[in-house]
Amino acid sequence: MAGEDPIVAGMAGRYAGALFELAREAKTVDGVKADLDRFAALLAESPDLQRLVRSPVFSAEDQLRALTVILARAALGSLTANFLKLVTTNRRLYAIGDMIKAFALIYARHKGEVMAAVTVAEPLGAKQRHALEEALKSVTTEHVALTVTVDPAIIGGLIVKLGSRMVDTSLRTKLNSIRQAMKGSG
């Protein structure tokens, strides 16, 4: 399954595809997806965990010891916990973010959804999020799985990735275009 889509190709796609197949056989696909989302949230919240995951200074044994404690506290399912431990033992923990994204793509395809990743400058309110979901549903016949990322660096506007399409209406991009145009005219 991972080989069908170039987005989930490569090492991260192979790991994600293998995990998805195991989860499907065990009938725990939704649970594994929730566990991976929980781990991604932990990763996003903790600079120490990010350092543990990304730094080549830590040995696989050190990473595994620390991760075992974190996984016990996070109460992740055994399949997900074992997967994360295997990734750590194989010295691939640095790629866990890409593996989680690849799993999300495979999961969305399995559920008949299309992934929509939206980057905004400020958090969306409930009404704004609903309006965005409705607008995205109007341009596709598939169900939309929406993930929203806040990045103040875009200043304003939106960056929307829907499947293979991308629309960038951020103020940062518009300002960069103006800057380039002014350099060319001077």
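What follows is calculated from the coordinates using simple rules that are stated; it is not laboratory data. Bear in mind that the values here come from a model prediction, so they are computed numbers and not experimental data. Every residue, glycine as well, gets a Cβ built from its backbone with ideal geometry; the counts of neighbours run over all protein chains shown.
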### Message
Using amide H atoms built in the peptide plane, which far-off residues or other-chain residues are under 5 Å from Val114 H to H?
### Response
His143, Val144, Ala145
## Note on the structure
Phi angles of the range 165-181, converted by Karplus (6.51 cos²θ - 1.76 cosθ + 1.60, θ = phi - 60°) into ³J(HN,Hα) in whole Hz with x for Gly and Pro, give 9, 9, 10, 10, 10, 5, 5, 4, 5, 5, 5, 5, 5, 5, 4, 5, 5
#### Entry: Radius of gyration and maximum dimension Dmax of the chain, Cα, Å
18.9, 64
### Summary
the range 44-113, convex hull of Cα, quarter of hull surface, nm² -> 5.1
### Task
Please go through the range 102-155 and write out the trypsin sites (Lys or Arg not before Pro) that DSSP classes as loop and that have at most 15 other C-beta atoms within 10 Å.
Lys111
### Message
Quick check on the chain: helices-only [θ] at 222 nm, where DSSP H runs of length 4 and up contribute -39,500 (n - 2.57) each and the sum goes over total residues. Nearest 500, please.
### Response
-19000 deg cm²/dmol
### Query
Restricting to the chain, what percent of DSSP beta bridges are antiparallel, rounded to 5?
55
### Task
Pairs to check: Lys85/Lys137; Lys85/Lys111; Lys111/Lys174; Lys27/Lys161; Lys85/Lys127; Lys27/Lys137. Give those whose C-alpha atoms are more than 32 Å from each other in this structure.
Lys85/Lys137; Lys111/Lys174; Lys85/Lys127
#### Entry: By average C-beta atoms within 10 angstrom, highest first, the peptides 51-58, 101-108
101-108, 51-58
### Over the range 112-185 - Rg/Rh using Cα atoms and the Kirkwood inverse-distance radius
1.06
